[in-house]
Amino acid sequence: MLPKLTIEQVKAEVHRFWNAFASKDSQALVRFYSAGATVFNSTSSRYELGLLSTARREREYFQRNTKIKVELGEILVVVMGEHAESAVASYTFHFHASNLALAGGGVEDIQQGRASHVFAYGPDGNLCIMHEHLSIPAKKPSTSIASHNSLSAMAGQRGA
């Protein structure tokens, strides 16, 4: 029987994951994902497999001149299962990448990123990511006084 997961163990894995990402270590990043792991990235409209996500990240972020910095917020871990064999880690993050090759030396700055990782033991007994979801808050639509007034006028017309 595998040992029960602990909150500290899962938090340490989250930090190890982002350290591998920030150091552009694609081989270490690949080892975090189970064979069928699914990933929702911050800008994608559908999931992709963890191995495909790692290959895309290598192409987009792991170039020689690219600099990556990640700051994590408080990590909330919920250990699940009768034998504490899986866990969900949820947290916020600030991700900054500069000198991106695909963006012509551009910058990606995600200041209020949100992340969830589902961890469980893989068939080899190692802890791995089964699912990852990265997102950014939706931008609030700006409302001007003119649009507010026109909405109020329309509401008044309906009530008349």
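Values in this text are rule-based calculations from the coordinates and carry no lab data. Note that the structure is predicted; figures quoted are calculated from it, not measured.
Structural remarks
- Three-way shape label, segment 56-127, alpha-carbon gyration tensor, a/c 1.5: oblate
- Principal-axis tilt of helix 50-61 within the chain, Cα atoms, nearest 10 degrees: 70
- Taking SER34, SER45, SER98 as the candidate residues, the one with maximal mean-square fluctuation in a Gaussian network model of the chain, Cα springs under 10 Å, is SER45.
- For LYS139, the lysines whose Cα falls under 24 Å of its own Cα, not counting residues fewer than eight places away in the same chain, are LYS69.
- When you work out D = kT/(6 pi eta Rh) for segment 7-159 at 20 °C and 1.002 mPa s, using the Kirkwood radius from C-alpha pairs as Rh and the Stokes-Einstein form, the result is 123 µm²/s.
- Against the chain, whose longest principal axis comes from its Cα atoms, helix 145-159 is set at around 70 degrees.
- DSSP assigns beta bridges within the chain; of those with both partners inside it, close to 90 percent run antiparallel.
- Computed on the chain, with alpha-carbon pairs under 8 angstrom and 6+ residues apart, the relative contact order is 22 percent.
- Helix 7-22 axis versus longest C-alpha principal axis of the chain: approximately 80°, rounded to the nearest ten.
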